[in-house]
Amino acid sequence: MTRTVIVGAGIVGAALADQLAARRGGDVVLIDRSRPGLGTSRTSFGWLNANRKQPRAYFDLSVEAMRDWSRLAHEFGEPSWYQPVGNLAWARSPQAREELATRVDRLQAWGYGAETVTASRAQGLEPNVTIPSDAEIAFFPEEGYVCGCQAAQALVQRATSRGARLITGVEVSELVVSRSRVTGVRLAAEERIAAETVVCCAGWRSPELLAPLGIDLPLVTASTSGSRAGGLTVTIEGVTPRPDRVIHAPELDLRPKGESRLLLEANDIDAQVDLTSGEDHLDERAQELLARAGMLVPGALSATIGEASLCVRPLPLDGYPLVGPVSDHHGLYLAVTHSGITLAPTLARHAALELLGTESPTLRQYRPDRASRGTPQQRPDGGSRLNQ
Ligand SMILES: Cc1cc2nc3c(=O)[nH]c(=O)nc-3n(C[C@H](O)[C@H](O)[C@H](O)COP(=O)(O)OP(=O)(O)OC[C@H]3O[C@@H](n4cnc5c(N)ncnc54)[C@H](O)[C@@H]3O)c2cc1C
């Protein structure tokens, strides 16, 4: 019997496999219906931050994660998938200006890298973006981005080099239950793998895996119109010169994605897409993002769309991670989270400890059954903007 089977090799499952393999080597099996990193982690915006995270404990978790990424990047020889390039954000409406200034004050009081900057300083930091002279502007030097797909693949490769077994292109069709205990997984090809513990890291698809066990995972569904779970990220090509940092402008978020390419996303466009959106609608929305990029980045005026991806956030109803054992289902452990690119290494480190028998006080507040225990949390963004 394998001690741990992990379902899903996105950034969360990959980080967990890496942590467990470092301690347990060959006693970990990682299964993905596709290949590592090709789910939400591939199309994610990937902003590495603790910027809007509240309350303090969740902020601290995110800061810990930023440090974990820095440590991991060092271990991997400063790979190109980790880019701590800083984030430049600005606001123009009176309400947004006040929110940004208040946020900078709070982050400074919490010891986080955050400063208000003048337009000329901002323009000096990022000469390839048109920054309005009358905006409230902030710079967050410790933030950056992680390319989720490449990072997941690197973590999986290290895990397998330490003895973890990787099975790809095979779906886990069912969790096997015996006497109210999860005892393994059944694969689509009817093969069964027995396990002491099955860890569900299946991202937004987790509810379909857990529903047959009577587990109603509190995730936002992406198949209803206006759902907050859907998102559209667009890669544009031929941007020269291109910005080097993460940019949060009122109408567009962007970050570099390799040589002369940018990744685009916008909150209002995300709100207009979901799993029921047709191709024409997505194309139109992608063109809108390209047009906004052209207005913000002179080097993007003749850029073209390389890829437009409809992606789904594994978004818990209250916004916070769902990590830990599931009451009444021994042998089952969950690790499903939004902001997973940022949080993966830290959630994985704490989860690995728990799977090895030591309860993590940090994870106590993120238990999957917290809502039924009557401890719903405040949304991490205070309820307004979706927290990345
Ligand atoms: C538009 C958008 C923007 C985002 N921006 C940010 C951001 O800026 N910063 C940030 O930190 N986070 C961001 N996120 C969130 C982040 O991308 C996710 O939290 C993270 O990628 C989740 O990783 P995961 O490993 O849980 O899921 P995934 O990457 O989806 O991995 C799950 C894996 O499970 C596999 N799988 C599923 N079901 C089965 C099954 N039955 N059998 C076998 N395999 C299975 C899938 O193939 C997949 O590879 C964003 C998300 C979206 C959609």
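The values are calculated or read from the model by the stated rules, or taken from the named source; none is laboratory data. What you see is a predicted model; the values in this text were computed from it and never measured. Virtual Cβ from ideal backbone geometry, glycine too; neighbours counted across all protein chains shown. These area figures cover heavy atoms from the full protein model, side chains too; ligands, DNA and RNA do not enter into them. Shrake-Rupley method; radii C 1.70, N 1.55, O 1.52, S 1.80 Å.
All distinct Cα pairs of segment 87-141 go into the 1/r average, and the inverse of that average, the Kirkwood radius, is 11.3 Å.
Where nothing but the Cβ of Lys and Arg (+1) and of Asp and Glu (-1) is charged, how large is the charge dipole of segment 221-312 around its Cα centre, in debye to the nearest 20?
Values: 8 positive and 15 negative charges, 75 e Å.
Around 360 debye, computed over segment 221-312.
Counting only DSSP beta bridges with both residues in the chain, the antiparallel share comes to about 70 percent. From most to least packed by mean Cβ count within 10 Å, the peptides 214-224, 356-366 give 214-224, 356-366.
Heavy-atom accessible surface of the chain, averaged per residue, reaches 40 Å², computed with a 1.4 Å probe. With a Cα-only, solvent-free Debye model of the chain, what are the log10 I(q)/I(0) values at q = 0.06, 0.12 Å⁻¹? For the chain, the Cα-only Debye profile gives -0.23, -0.91. Rounded to the nearest 500, the 222 nm mean residue ellipticity of the chain from helices alone is -9500 deg cm²/dmol, with -39,500 (n - 2.57) taken per DSSP H run of at least 4 residues. Working note: Karplus 6.51/-1.76/1.60 with θ = phi - 60° gives segment 311-321 the couplings 10, 10, 7, x, 9, x, 4, 9, x, 9, x Hz, where Gly and Pro are set to x.
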